[in-house]
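In what follows, a structure is listed as structure tokens, so that the remarks can point back to it.
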Amino acid sequence: MNRPEIEQFIVTAEQMRAIENRVFDAGMPVAALMEKVATLVARRIQALYPLPKSANTLSVGVLVGPGHNGGDALVVARELHFRGYEVIIYCPFTKLKELTQHHANYAASLGIPIYQEIDFLQNCALFVDGLFGFGLERAIKDPVATAIALVNTWGKPILSIDIPSGLHTDTGAVLGTAISATHTFCLGLWKLAFLQDQALEYLGQVELVDFDLPLADIEAVLGNFSKVHRIVTEQAKSGLPLPRPPAVHKYKLGHLLLICGSRQYTGAAILAGLGARGSGVGMLSMVVPQSLKLLLNRHLPEALVIDCPETESGAIAHLPPEIDFSAYQAIACGPGLTMQPMLLVKQILDSDRPLLLDADALNILAQIDPRQILPQRSAPTILTPHPGEFLRLFPDLIMDLSNRIAAGQSAAQQSGAIVVLKGARVAIAEPDGNIYINPDSTPALARGGSGDVLTGLMGGLIAQVNPENLIAQVQTAVWWHAQAGILAAKERTELGVDAFTLTQYLIPALQA
Ligand SMILES: NC(=O)C1=CN([C@@H]2O[C@H](COP(=O)(O)OP(=O)(O)OC[C@H]3O[C@@H](n4cnc5c(N)ncnc54)[C@H](O)[C@@H]3O)[C@@H](O)[C@H]2O)[C@H](O)CC1
Ligand SMILES: [K+]
């Protein structure tokens with residue numbers, strides 16, 4: 001059983017090494033730690049792939065590298081051998097670290113075959129990957145590169161120790177070539193690569209193996225320096241406005257002003273409205289162009305629809321002159337807006353309400369310059385860009401998959417806004433440099449309209465709380481949205497999660 005508090009930390013290779021060194025300096029022998037860690041991994045492998053009762057054994061190919069990742073793999077090989085598995089080792093390296101060499105000698109003395117060619121392992125039913133861990137420093141070359149490519153094509157389960165060999169521990173980039181794991185046992189603390197979009201297809205199912213690194217050592221190294229956090233379920237749930245106080249009325253549960261839609265993008269308004277409905281917000285007012293009013297009344301009978309004069313092409317022309325922003329606890333704006341309501345966006349930027357901008361509102365903001373206007377706002381601003389919108393907003397922050405965390409942090413610091421950077425692993429950056437990454441999601445959410453649902457949901461949540469708790473609500477919204485997608489995909493496959501269906505899973509996701 002992992003300690004729950006351990007799940008929140010995210011470390012770089014350098015931080016992991018520093019934590020590990022503190023433990024060694026305090027007296028824990030390196031060999032003892034390796035023994036402990038690898039024994040835990042071996043047990044997990046036995047649980048996942050028990051020896052079949054029908055056959056006498058299961059053949060396991062163990063890929064062994066020159067460092068301590070290879071040492072871990074050799075301990076696993078030895079344990080599986082003693083438990084009755086037929087183990088075959090591939091180790092093409094002539095020079096091993098000392099401890100690793102000791103384990104290799106002992107494995108050989110037990111009669112476990114060790115080969116320098118990968119072909120000897122091609123009939124194995126299962127592979128354990130211990131080629132490289134967080135010590136990988138340069139691109140993998142032949143013959144190991146070819147061996148990795150070959151094992152990947154064999155289609156057998158591959159269980160990686162610590163990280164799939166070939167992935168950079170911090171960026172998740174592939175260095176030369178990488179193991180495509182079916183399952184990865186991340187050792188001790190979550191490494192940054194596990195939250196990087198570009199690593200996801202190599203990781204398979206992921207699991208943290210807690211081996212009792214003392215919290216004091218983790219905190220001594222991470223201390224105030226670690227600004228990268230993993231959103232954990234318990235914390236996300238605690239942000240939900242539940243349970244409601246028993247004696248409460250609708251105006252105490254937040255009033256959201258949701259500004260969205262155009263004749264061209266009608267559905268975006270409906271989806272955002274349904275997202276807001278899911279949030280349980282006390283009151284929902286929706287600003288839309290006139291011609292959407294009837295349709296919205298049909299889909300969202302509970303919403304107060306503020307219909308606005310519209311442009312020739314059906315965008316909102318302007319807000320009603322009598323609109324009073326102080327009646328709302330939050331404003332969310334953007335889905336389906338088109339680029340026309342430029343003045344409207346300027347007007348809400350001038351308001352003193354917490355403001356969430358998405359989609360076209362972000363594209364309009366990009367033309368105004370977020371770094372100039374956002375720091376002048378008296379209330380918090382939240383931006384929810386996908387990578388394309390992000391680059392329009394912050395064109396000089398070149399963002400690619402290997403630096404999205406740093407880019408998100410810079411954008412938040414420079415604009416003073418909370419920046420929710422969408423992607424396979426949504427990252428939420430705060431102006432103070434902290435960044436929160438949502439670890440569990442599903443590709444089912446990569447679909448038109450899913451962002452509109454998030455805007456409504458997040459808007460509805462932030463309207464319900466004190467602006468001081470905003471960052472917690474933003475995390476909760478991102479987590480909740482992903483959980484709804486995960487549940488919907490489980491019941492309906494990843495193809496069955498259109499944005500409307502997603503709105504129908506918001507509440508079931510909480511019940512689950
Ligand atoms: N997390 C912990 O506290 C523990 C981790 N353990 C395991 O140890 C590895 C890290 O071990 P380390 O020896 O530092 O690194 P690696 O095994 O990843 O490999 C480094 C080794 O490989 C050489 N090298 C680097 N890049 C290449 C390359 N492209 N081609 C060839 N050789 C390369 C480098 O020079 C080194 O010699 C960690 O991941 C865990 O699995 C401990 O077992 C327990 C505690
Ligand atoms: K590995």
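What follows draws every value from the coordinates through simple rules; no lab data is involved. The shown structure was predicted, so the numbers you read here are calculated from the model rather than taken from an experiment. For neighbour counting, all protein chains shown are included, and Cβ atoms are generated from backbone atoms with ideal geometry for every residue, glycine included.
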message: If you scale each eigenvalue of the Cα gyration tensor by 5 and take the root, what three semi-axes come out for segment 374-418, rounded to whole angstrom and sorted largest first?
response: 19, 10, 9
query: Taking segment 90-160, which trypsin sites (Lys or Arg not before Pro) meet the DSSP loop condition and have no more than 15 other C-beta atoms within 10 Å?
result: LYS95, ARG138, LYS141
field: Selection of GluC sites (Glu not before Pro), segment 240-329, meeting DSSP coil and at most 14 other Cβ within 10 Å
entry: GLU302, GLU312, GLU322
- request: Can you tell me the 0 to 90 degree angle between the C-alpha axis of helix 450-463 and the longest principal axis of the chain, rounded to 10?
  value: 70
- request: Along Cα→Cβ, 7 Å out, is where each label goes; now give me the distance between the ones at ALA145 and ASP25 in nm to one decimal.
  value: 3.8
message: How compact is segment 339-387 by the rule of thumb for globular proteins, expressed as Cα Rg over 2.2 N^0.38 Å?
response: 1.02
- prompt: To the nearest 10 degrees, how steeply does helix 30-48 sit against the main Cα axis of the chain, on a 0 to 90 scale?
  reply: 70
query: What share of Cα pairs, in percent, lie more than 19 angstrom apart in segment 194-336?
result: 66
- prompt: How large is the charge dipole for segment 15-122, taken about the Cα centre, if only the Cβ atoms of Lys, Arg (+1) and Asp, Glu (-1) carry charge, to the nearest 20 debye?
  reply: 280
- request: Rounded to the nearest 10 degrees, what's the angle between the helix 68-82 long axis and the longest principal axis of the chain, both from Cα atoms, 0 to 90?
  value: 60
message: Strictly over 23 Å apart at the Cα level, which of LYS156/LYS191; LYS53/LYS490; LYS191/LYS227; LYS97/LYS141; LYS227/LYS252 would you flag in this model?
response: LYS156/LYS191; LYS53/LYS490; LYS227/LYS252
query: What share of all Cα pairs of segment 68-134, in percent, falls into each consecutive 5 Å distance bin?
result: 4, 17, 31, 29, 15, 4, 0
Segment 115-260, dipole about Cα centre (Lys/Arg Cβ +1, Asp/Glu Cβ -1), debye to the nearest 20: 980
Where trypsin sites (Lys or Arg not before Pro) fall in DSSP loop in segment 30-94, at most 16 other Cβ within 10 Å: LYS53, ARG83
query: How big is the equivalent ellipsoid of segment 1-97 along its three axes, where each semi-axis is √(5λ) from the Cα gyration tensor, reported in whole Å from largest to smallest?
result: 28, 19, 12
message: Please compute the length gained on full extension between LYS293 and ARG447, using 0.36 nm multiplied by the number of residues separating them and subtracting their Cα-Cα distance.
response: 52.9 nm
statement: P(r) of segment 125-283 over all Cα-Cα pairs, 5 Å bins starting at 0, rounded to whole percent, reads 2, 7, 12, 14, 11, 9, 8, 9, 10, 9, 5, 3, 1, 0, 0
message: Rg/Rh for segment 171-217 to two decimals, with Rh computed the Kirkwood way over all alpha-carbon pairs.
response: 1.03
query: What distance in nm separates the simple spin-label points at GLU219 and ASP440, each placed 7 Å from Cα in the Cβ direction?
result: 2.6
Stokes-Einstein D for the chain, Kirkwood Rh over Cα pairs, 10 °C, 1.306 mPa s (µm²/s): 64
- request: May I ask for the net charge around VAL232, where only other residues with Cβ less than 11 Å from the Cβ of VAL232 are counted and Lys, Arg are +1 while Asp, Glu are -1?
  value: -2
